[in-house]
Amino acid sequence: MRRPVAVRPRRRPRTYHHGDLRTVVLEEVRGIIREQGISVVSIREVARRARVSHAAPSHHFGNKAGLLTAFAIQGYDLLADTVKADIAAAGATTPPDVLAVMGQAYVRFALENPEHFGVMFPGELVNQDDPEYGRATNRCYGPLMEVVTKGSAQGTLSANATLVATSAWSLVHGLASLWLSGRIQARTGATDATALARAVTELFVDRMLRRKPV
């Protein structure tokens, strides 16, 4: 007599509260990018990995661009929070000190969150007209302009405030990108990203800002 064949129950789709689905889907986006790259990200793939219907993430994000826009927004908010927390932890108050900490926090964020960093820049992957995207990017750029404007008012800047802000951003963004690519390590033999970021930002601050107002 043949033994009955055990039938495995079909794995049912997960169910989430309204707010949970967004968090879960964006975490799946991070996992896909880490394991396979941005090109593999799709509504269908995140739905499959999250074990929800295709319609669920479609309802929340619309399409791949909407999905990546939400992921980039999450990244900008995380960057803004990282910078704010590091400034508070360092006890930085003067424009030169705050600017140095901001630069180091930027590099740390990029190295700890390369998946977000790769979607935030370049911007053609996202819907830049999304109001939430604009809000999130302003959370990052606004404090940078505030600190250099304050430095300008106090007489600590050695150049135009907008130029200093642009130079500072370009410096740390380039450093983070080059470290992630492995180019800086290969050329300089550097092994400590944190120490390098500190040295580079301090050099910039010492050259572009005066530690004491005139």
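Of note:
- Those helices (runs of 4 or more DSSP H) lying entirely in segment 1-74 with at least 3 residues at pLDDT below 90 and not aromatic (Phe, Trp, Tyr): 18-35, 55-61
- Residue that is farthest from the chain's Cα centre (by Cα), among those in segment 58-72 that are among the small types (Gly, Ala, Ser) and within 9 Å of Ile43 (Cβ to Cβ): Ser58
- The sole residue among Pro95, Pro57 that is touching a helix residue (DSSP H, G or I) at 6+ places or on another chain (Cβ under 6 Å), buried (at least 23 other Cβ atoms within 10 Å of the Cβ) and in the same structural domain as Gln36 (by TED's automatic domain parsing) is Pro57.
This table checks each residue for (1) farther than 21 Å from Leu111 by Cα; (2) surrounded by fewer than 16 Cβ atoms within 10 Å (Cβ to Cβ); (3) of a type in the set (Asp, Glu).
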site: Thr149; (1), (2), (3): yes, no, no
site: Gly155; (1), (2), (3): yes, yes, no
site: Ala161; (1), (2), (3): yes, no, no
site: Ala168; (1), (2), (3): no, no, no
site: Arg183; (1), (2), (3): no, yes, no
site: Gly189; (1), (2), (3): no, yes, no
site: Ala193; (1), (2), (3): no, no, no
site: Ala197; (1), (2), (3): no, no, no
site: Leu203; (1), (2), (3): no, yes, no
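- Residue in segment 93-102 that is under 30 Å from Ile43 (Cβ atoms), part of a helix (DSSP H, G or I) and acidic (Asp, Glu) present: no
- Listed by position, the helices (runs of 4 or more DSSP H) inside segment 104-214 whose residues that are of a type in the set (A, V, I, L, M, F, W, C) and within 15 Å of the chain's Cα centre (by Cα) number at least 2 are 114-120, 131-154, 161-181.
The values are calculated or read from the model by the stated rules, or taken from the named source; none is laboratory data. Keep in mind that what you see is a predicted model, and the values were worked out from it rather than measured. Reconstructed Cβ throughout: ideal geometry from the backbone, glycine too, with neighbour counts over all protein chains shown.
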